[in-house]
1. Considering only the stretch 77-84, I want to know if a residue exists there that is within 20 Å of Trp113 (Cβ to Cβ), surrounded by fewer than 14 Cβ atoms within 10 Å (Cβ to Cβ) and either in contact with a helix residue (DSSP H, G or I) (Cβ under 6 Å, 6 or more places away or on another chain) or not β-branched (Val, Ile, Thr) (or both).
2. Would you call Val54 buried (at least 20 other Cβ atoms within 10 Å of the Cβ) and either within 21 Å of Leu15 (Cα to Cα) or among the polar types (S, T, N, Q) (or both)?
3. Find all pairs meeting these conditions: Cβ atoms under 6 angstrom apart; at least six residues apart or on different chains; first residue within the stretch 1-21 and farther than 14 Å from Asp33 by Cα and in contact (Cβ under 8 Å) with a residue 40 or more places away in the chain; second residue open to solvent by 40 Å² or more (accessible area, probe 1.4 Å) and part of a helix (DSSP H, G or I).
4. Of everything in the stretch 78-114, what is without any contact (Cβ under 8 Å) to a residue 40 or more places away in the chain, of a type in the set (Asp, Glu) and outside any loop (DSSP other than H, G, I, E, B)? Give them in sequence order.
5. Give the residue that is nearest to the chain's Cα centre (by Cα), with candidates limited to residues of the stretch 1-12 that are open to solvent by less than 40 Å² (accessible area, probe 1.4 Å) and small (Gly, Ala, Ser).
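The values are calculated or read from the model by the stated rules, or taken from the named source; none is laboratory data. These figures come from a predicted structure and were not determined experimentally. Glycine gets a Cβ as well: all are built from the backbone with ideal geometry, and neighbour counts include every protein chain shown. Only protein heavy atoms, including side chains, enter the accessible area calculation; ligands, DNA and RNA are left aside. Shrake-Rupley method; radii C 1.70, N 1.55, O 1.52, S 1.80 Å.
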Amino acid sequence: MHFRRATSADSDAVLKLWKAAEATEGVTDTRDDVRRIAGAEHVAFILAIVDDSVVGSIIAAFDGWRGNMYRLASHPDYRRRGIARGLIAEAERAFEQWGVKRISALVEKDRPWAVEFWQAVGYELDERVSRYVRNVQRAA
């Protein structure tokens, strides 16, 4: 297994991974959005690769204030092999290079295995905040 940055050419493989990993689908789960984030500044879109296949992903973004992690996913056939921990370590290295002082991770609270994993790797639930979202419709 090795890690590398995603490119726009990885969009189909990433979307396939997210589907296999049963990631909650969002409005940004499109080829165009995956391609855009793969080339964005201050974003480390990191993939775990085994035998030329994408088996894990994480998006680490720095907005100038805080590092944020999204879309940690590992393929079900490759779980319990250190992929997620490796992806987090890669993301944290990128954050260190950018001078990030605080990291946030979005974790779905109705997935106890995900909550337990993040606690096991040293992240704490911040009960002081709630996340509010709104999808934006753009004119075609």
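1. Yes, the stretch 77-84 has at least one match.
2. Judged against the criteria, Val54 is a match.
3. Note: pairs meeting the criteria are Phe3/Glu90.
4. Those that are without any contact (Cβ under 8 Å) to a residue 40 or more places away in the chain, of a type in the set (Asp, Glu) and outside any loop (DSSP other than H, G, I, E, B): Glu92, Glu96.
5. Ala6
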